[in-house]
Ligand code: ADP
């Protein structure tokens with residue numbers, strides 16, 4: 001039987017804990033299995049109370065699950081979760097652009113989208129071609145899912161993408177699933193995907209999670225930890241700088257502490273807006289009319305250097321300057337920096353493109369510089385041997 005992992009920190013036995021158990025699981029062989037306060041709400045509560053999880057069949061099933069997880073994840077060097085306390089703060093953007101940038105640097109990358117109710121990975125990795133690949137995900141001869149592959153400009157097919165969206169008849173369909181069904185799909189995505197695929201394994205598997213600390217997070221972490229001590233390299237935590245997001249991110253950091261997930265870095269997003277003057281719209285105060293063309297023409301004639309030499313920035317969240325870094329310090333986590341809000345980054349995400357490559361002609365683009373720095377930090381803290 002496999003030993004338990006540090007997710008279940010109340011458990012003192014060396015017994016196998018179901019991957020979908022509550023975080024404080026006492027273990028199925030414990031005297032208080034199914035009856036302890038930590039069992040409340042656990043999907044295994046009645047099975048534990050009845051002792052059925054100790055049956056030889058249940059033990060064999062758990063061992064098979066562990067073996068499948070280990071086999072699938074053995075093709076991956078580093079699995080990294082991208083977490084956020086709140087929705088809309090740019091978690092999927094960071095996950096997708098890290099995947100694109102690492103792939104552009106020559107790494108074999110996977111993006112696993114376990115945000116089952118709001119999957120963004122297909123759009124952000126494949127752009128409009130995601131419609132063509134709808135339902136093209138299929139199982140190979142060994143019964144393992146084959147990822148859908150995204151191209152980048154320098155390396156073909158080195159981004160493997162798996163998302164629930166590929167399985168839906170209609171990608172606009174809502175996924176209205178309860179916890180156990182979501183857990184089962186996450187288990188399949190982690191244990192039954194052939195990450196070897198077209199890339200001969202992955203250097204980095206980036207996992208885009210839903211916002212918050214829900215069932216999906218607990219399951220993902222527990223399945224990964226069940227695959228072994230090194231199966232999960234850590235998490236990148238994304239927040240915007242306002243207190244409404246920071247307070248939710250503190251819960252995320254506390255979740256990481258409780259579940260033994262190493263926080264690799266805290267990333268601030270959208271603190272500053274950064275753009276070019278000619279990307280702004282100029283609206284007349286007098287009549288509300290869009291006078292952009294006229295204003296830009298005036299600038300071109302009278303002071304072209306303002307258009308050519310300057311970037312326009314604006315701090316969107318002035319209420320809490322430095323708040324993200326302070327929070328990261330308070331949790332003894334590394335602060336990786338602040339990714340500005342850049343309309344061209346949004347466009348790249350909509351088109352499924354690598355922003356860093358698109359912005360290559362502008363070496364001073366802050367968002368591109370920051371994304372490259374995030375990748376450098378990630379590849380430093382989670383190194384892979386690129387010599388082969
Ligand atoms: P989450 O995954 O946290 O819900 P998303 O990554 O989907 O958030 O981001 C929400 C929206 O904001 C998307 O349209 C995305 O392209 C945009 N966005 C996120 N971060 C940035 C940024 N730094 N610059 C421009 N647009 C951004």
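Read the figures in this text as sums done on the coordinates, not as results from a lab. From a predicted model like this one, the values you see are computed outputs, not experimental measurements. No Cβ is skipped: glycine too gets one built from the backbone with ideal geometry, and neighbour counts run over all protein chains shown.
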- [ ] Could you check the simple spin-label distance between residue 316 and residue 151, using points 7 Å along Cα→Cβ, in nm with one decimal?
- [x] 3.3
Open item on the list: If packing is taken as the average count of other Cβ atoms within 10 Å, what order do 228-234, 284-290 fall into, highest mean first?
Closed with: 228-234, 284-290
TODO: Using only the alpha carbons of the chain, determine the length spanned along each of the three principal axes and report them from longest to shortest in whole angstroms.
DONE: 83, 46, 43
TODO: Kindly put 100, 217, 138, 78 in sequence by how many other C-beta atoms sit within 10 Å of each C-beta, fewest to most.
DONE: 138, 78, 217, 100
Open item on the list: Considering only C-alpha atoms, what is the centroid distance from region 351-388 to region 259-322, in Å?
Closed with: 22
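Residue 351 to residue 188: extension gain in nm, 0.36 nm per residue of separation minus the Cα-Cα distance? Kindly include the intermediate steps, with their values, before the conclusion.
Numbers: separation 163, 0.36 × 163 = 58.68 nm, distance 2.85 nm.
That works out to 55.8 nm of additional length.
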Open item on the list: I'd like the projected area of region 246-289, averaged over all directions, using the convex hull of its alpha carbons. Report it in nm² with one decimal.
Closed with: 5.6
Task: Cα Rg, Dmax (largest Cα-Cα span) when computed across region 234-348, Å - done: 19.2, 61
TODO: Would you compute, from DSSP H runs of 4+ residues alone, the mean residue ellipticity of the chain at 222 nm, taking -39500 (n - 2.57) per run and dividing by the full residue count, rounded to the nearest 500?
DONE: -11000 deg cm²/dmol
Open item on the list: Just to be sure I understand the model, the point goes 7 Å from the Cα along the line to the Cβ. What's the resulting residue 373 to residue 57 distance in nm?
Closed with: 5.7
Task: Compactness relative to 2.2 N^0.38 Å, alpha carbon Rg of region 19-119 - done: 1.47
Task: Gyration tensor over alpha-carbon atoms, region 296-388, equivalent ellipsoid semi-axes in Å - done: 31, 22, 12
TODO: Measure off 7 Å from each Cα along the Cα-to-Cβ vector at residue 285 and residue 200, then give the distance between these two points in nanometres to one decimal.
DONE: 6.4
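What value does region 159-265 have for Rg/Rh, both radii from Cα atoms and Rh as Kirkwood defines it? Mind dumping the intermediate values first?
On the way: Rg = 15.1 Å, Rh = 15.6 Å.
Computed over Cα atoms, the ratio is 0.97.
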